[in-house]
Structures are given as structure tokens and as C-alpha cells.
Amino acid sequence: MRHDTISDVLSIIKNAEMVGKKECITPASNLVKQMLFIMQKEGYIGKFEFIDDGRSGKFKIELKNRINNCNSIRPRYATKYTEFEKWEKRYLPARDFGIIILSTDKGLMTHKEAKEKKVGGRLIAYVY
């Protein structure tokens with residue numbers, strides 16, 4: 001039984017990347033879809049498509065072998081836009097290397113976009 005869809009998706013992607021697969025299939029949700037759009041825009045994954053299986057559906061994701069590590073952040077810490085540097089030091093290996101995905105009032109976005117827009121939110125995941 002799955003409780004945290006984001007953790008499941010990111011672990012499936014990470015394991016498939018480590019083995020060297022070219023694609024993987026993950027469970028679908030609207031939050032996962034938005035997260036995959038961000039990862040695609042940043043160049044970590046290729047195209048992805050929705051597969052309707054009569055239930056919640058699945059995503060078929062094309063992998064580019066660019067992900068070193070990705071994981072969800074639990075608990076979902078609330079943060080201000082002035083505190084991003086603290087979280088970058090904690091979750092990312094180097095400055096300007098990787099992204100932290102967070103949920104804001106204006107939707108899901110990376111920590112870089114949130115700095116520009118000066119909005120805070122809750123930390124969801126990191127990818128590098």
C-alpha cells in the first residue's frame with residue numbers, strides 16, 4: 001500500500017537511473033505531473049506520457065541518465081524565501097547544483113524561481 005506517492009515516484013526514477021534503464025513507469029497524480037514538468041524543464045528527464053489504466057493512471061517517463069540523486073523531503077518543512085540558502089546547504093551537494101522543488105501559493109516551482117518571485121512555501125523534494 002502506497003502512502004507517499006512522491007517518494008514512490010522519485011525512488012522508482014532513481015533506481016531505474018542507477019540500473020541504466022531508458023524509461024520507467026510510475027503512479028500518477030496531479031502533484032506528480034507538476035513535479036515531472038519541473039524536472040523536464042530543468043533537463044533531468046525527457047518526455048513523459050500519461051497511461052490510463054482505468055484507475056488513477058500511470059506515467060511512462062523517458063530517462064536521460066542525468067540524475068545523481070533525488071528524494072522527497074519529509075517532513076514537509078515550511079520555509080521563507082530568505083531561508084533557502086540553509087536548505088540548499090542541507091540537501092544539495094554544491095551551490096547552483098541541483099534544485100529543490102517546493103509547493104507555494106502560486107503552484108509548484110523550484111527554489112530559484114521562488115527566490116525571484118520572493119515567495120516561500122513547503123519543501124517537497126530535491127533533485128541533482
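The values are calculated or read from the model by the stated rules, or taken from the named source; none is laboratory data. What you are looking at is a predicted structure, and each value in this text was computed from that prediction instead of being measured. Heads up, the Cβs are rebuilt from the backbone with ideal geometry, glycines too, and the neighbour counts pull from every protein chain shown.
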Among the residues of segment 103-122 satisfying the criterion of being over 10 Å from the mean Cα position of the chain (by Cα) and either crowded, with 21+ Cβ neighbours inside 10 Å or among the hydrophobic types (A, V, I, L, M, F, W, C) (or both), which is farthest from K33 (Cα to Cα)? V119
Out of E49, E62, E42, E88, I need the residue that is at pLDDT 95 or above, at negative phi and exposed (fewer than 12 other Cβ atoms within 10 Å of the Cβ). Which one? E49
Would you point out the residue of segment 73-112, among those that are outside any helix (DSSP H, G or I) and of a type in the set (D, E), that is nearest to S7 (Cα to Cα)? D105
For segment 65-85, what are the residues that are surrounded by 14 or more Cβ atoms within 10 Å (Cβ to Cβ) and among the small types (G, A, S)? S72
Being part of a loop (DSSP other than H, G, I, E, B), surrounded by fewer than 17 Cβ atoms within 10 Å (Cβ to Cβ) and among the hydroxyl-bearing types (S, T, Y) is the requirement here; does S56 meet it? yes
Kindly indicate whether any position in segment 40-51 is outside any strand (DSSP E or B) and among the aromatic types (F, W, Y). yes
